[in-house]
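Before any comments, here is the structure.
The values are calculated or read from the model by the stated rules, or taken from the named source; none is laboratory data. In this text, all values refer to a predicted model and were calculated from it rather than measured experimentally. Neighbour counts run over all protein chains shown; Cβ positions are idealised from the backbone, glycine included.
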Amino acid sequence: MMQPTQTPWFLYMIECHDGSIYTGIAIDVASRFQAHARGKGAKYTRSHKPRELLLAVRYPNRSIAARAEYEFKRLSAKDKRRWITTGTELAVAQQDPLEE
């Protein structure tokens, strides 16, 4: 039996004008960045205007991308910047236990 094709999700990081880093997940990162830039994205980016997209990392599905987002948000600011510089994946790609 073939498994249905999953839509990849992306963990993305945006640097805001105040130097802070906003992190989120999306299927279409370019569209999501534009929504943030127009003030239609997250509440955080309405008061911390986005400056640039720093990095987007592809994950096989929403579940794994959300776990990576959770792990990233737990890092210190210094470790977040180091992680962005190296572009290392946080979550190991694995089959989502809900799909078994």
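Brief remarks on what is shown
- From Ala56, Ala68, residue being modelled with pLDDT under 95, among the small types (Gly, Ala, Ser) and assigned to a strand (DSSP E or B): Ala56
- Pairing each residue of region 47-76 that is within 19 Å of Phe33 (Cα to Cα) with any residue that is part of a loop (DSSP other than H, G, I, E, B) and among the polar types (S, T, N, Q), provided the two are 6+ apart or on different chains, yields C-beta distances under 6 Å for His48/Ser20.
- Count - residues of region 2-14 that are surrounded by fewer than 18 Cβ atoms within 10 Å (Cβ to Cβ), in contact with a Pro (Cβ under 8 Å, 6 or more places away or on another chain) and aliphatic (A, V, I, L, M): 0
- Restricting region 15-32 to residues that are surrounded by fewer than 17 Cβ atoms within 10 Å (Cβ to Cβ) and of a type in the set (A, V, I, L, M) leaves a set whose member that is farthest from the chain's Cα centre (by Cα) is Ala30.
- Within region 33-46, residues that are buried (at least 16 other Cβ atoms within 10 Å of the Cβ) sit with their Cβ atoms under 7 Å from residues that are part of a helix (DSSP H, G or I) and among the hydrophobic types (A, V, I, L, M, F, W, C), at 6+ positions apart or across chains, in these pairs: Gly41/Ala35.
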